[in-house]
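Colleague: Have a look at the structure that comes next, please.
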Amino acid sequence: MRIFSNKLKYYDVEDLIEKYKSNYYVLLSGRDIGKSTSVAKYVVKEAYNFYHYFAFIRRYETRVADVKKWFNSDYLSSYYEELTGGEFKQIEVKADEVYFIGYDDKGKKIKGPTLGYVFYINKVKTGYYKSLQFDNVYKVVSEEFIIDNDDIYLPNEVADFENLLSTILRKRIYEPDIEIFLVGNKVNQICPYL
């Protein structure tokens, strides 16, 4: 595992990957320097170009709007449009599936290619993900893995996170194409993941 604390103006995850090839990347810094945006660009590009889907992991089941917001900003919309040759500018999240959306001539939504899936740590103990297959998932993103001061970690959260990784990746966890990104802000000194 490599832990990165960036002193650059903005993060560039692809530079980190090229320099420090690893299965785990822990990205820590203050807010608003592009950690999440850089990771979003990278995992969407890998999914679109190579069918290496991603797993986007949240602590709790959140509103779909919260997850959609993570993937859709003006900057990312421009990037998606460039990446797809103008075919797609937005990402949709429905039934825990993440995919591009486009519009036909009449303005009706058209479902584009699947990019990844959303998972929730608080659902692990329910057995919700047991026996499901995610063979095309190669990238895992755990956003906000370090809590803000007014939040709490789930009981046995790290063990549940590891069980979820095991379910998603099965025996592929140490294959070279598997990359796990833990993205967090430096807001709390205590973190059971570290």
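Colleague: Condition first: hydrophobic (A, V, I, L, M, F, W, C) and over 16 Å from the mean Cα position of the chain (by Cα). Now tell me which residues in region 145-172 satisfy that.
Modeller: Hits for region 145-172 are Ile147, Ile152, Leu154, Val158, Ala159.
Colleague: Under 13 Å from the mean Cα position of the chain (by Cα) and open to solvent by 60 Å² or more (accessible area, probe 1.4 Å): does that describe Lys69?
Modeller: yes
Colleague: The conditions are (1) open to solvent by 70 Å² or more (accessible area, probe 1.4 Å); (2) farther than 25 Å from Phe50 by Cα; (3) aliphatic (A, V, I, L, M), and Val124 fails exactly one of them. Which is it?
Modeller: (1)
Colleague: Can you tell me which residue in region 155-181 is most open to solvent (accessible area, probe 1.4 Å), limited to those that are of a type in the set (A, V, I, L, M) and under 13 Å from Phe134 (Cα atoms)?
Modeller: Once the filter is applied, the top-ranked residue is Ile173.
Colleague: Given (1) open to solvent by less than 20 Å² (accessible area, probe 1.4 Å); (2) part of a loop (DSSP other than H, G, I, E, B); (3) out of contact with any strand residue (DSSP E or B) (no Cβ under 9 Å at 6 or more places or on another chain), where does Gln133 come up short, assuming only one miss?
Modeller: (1)
Colleague: Given Ile147, Ile180, Ile168, which one is under 22 Å from Trp70 (Cα atoms) and in a helix (DSSP H, G or I)?
Modeller: Result: Ile168 is the single residue among Ile147, Ile180, Ile168 that is under 22 Å from Trp70 (Cα atoms) and in a helix (DSSP H, G or I).
Colleague: Can you pull out the residues in region 10-21 that are in contact (Cβ under 8 Å) with a residue 24 or more places away in the chain and surrounded by fewer than 17 Cβ atoms within 10 Å (Cβ to Cβ)?
Modeller: Result: Tyr10, Asp12, Glu14, Ile17, Lys21.
Colleague: Does region 33-47 contain at least one residue that is touching a strand residue (DSSP E or B) at 6+ places or on another chain (Cβ under 9 Å), surrounded by fewer than 19 Cβ atoms within 10 Å (Cβ to Cβ) and either closer than 27 Å to Tyr99 by Cα or modelled with pLDDT of 85 or more (or both)? Walk me through it before giving the result.
Modeller: As a first pass, look at region 33-47 and keep what is touching a strand residue (DSSP E or B) at 6+ places or on another chain (Cβ under 9 Å): 35-36, 38-40, 42-44, 46-47.
Checking which are surrounded by fewer than 19 Cβ atoms within 10 Å (Cβ to Cβ) leaves us with none.
No, that holds for no residue.
The values are calculated or read from the model by the stated rules, or taken from the named source; none is laboratory data. Quantities reported herein were computed from a predicted structural model and do not represent experimental measurements. All Cβ positions, glycine included, derive from the backbone under ideal geometry; neighbour counts span all protein chains shown. The protein model used for the area step is the full one, side chains on, heavy atoms only, and it has no ligands, DNA or RNA in it. Shrake-Rupley method; radii C 1.70, N 1.55, O 1.52, S 1.80 Å.
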